[in-house]
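**Student:** Quick one: the structure is below, questions incoming.
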Amino acid sequence: MDDLKKTILDYVRREYLEEGDERELKASTPLITGGIVDSFSMVSLKRFLERKLAVKIPDADATPEAFNTVDSIVALVERFAKVEV
């Protein structure tokens with residue numbers, strides 16, 4: 001697994017899953033439609049990515065679809081920056 005996916009998965013586990021939550025979290029796991037990330041959490045995840053990766057994600061591109069899986073988040077980030085995590 002590449003570093004960017006791992007960074008995002010680790011953040012989502014730490015910030016949005018309750019301790020003891022047994023759900024398996026993979027890069028393809030639905031985050032928004034699966035109830036893990038809500039609209040407020042999506043904003044904090046966007047801010048985390050922008051700070052951690054020094055990338056600017058335009059608000060118009062920060063859609064629920066773009067943030068629904070770690071795979072889609074990685075694709076979004078890669079559109080706006082070449083990232084070395």
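Only the coordinates and a few stated rules stand behind these numbers; no lab work does. Because the structure is a prediction, the values reported are computed rather than measured. Counting neighbours? That spans all protein chains shown, and the Cβs are built from the backbone with ideal geometry, glycine included.
**Student:** For the range 1-46, how many residues meet the condition of being crowded, with 16+ Cβ neighbours inside 10 Å and of a type outside the set (S, T, Y)?
**Tutor:** 14
**Student:** Which one is nearest to F80 (Cα to Cα), of the residues in the range 8-51 that are touching a helix residue (DSSP H, G or I) at 6+ places or on another chain (Cβ under 9 Å) and among the β-branched types (V, I, T)?
**Tutor:** I8
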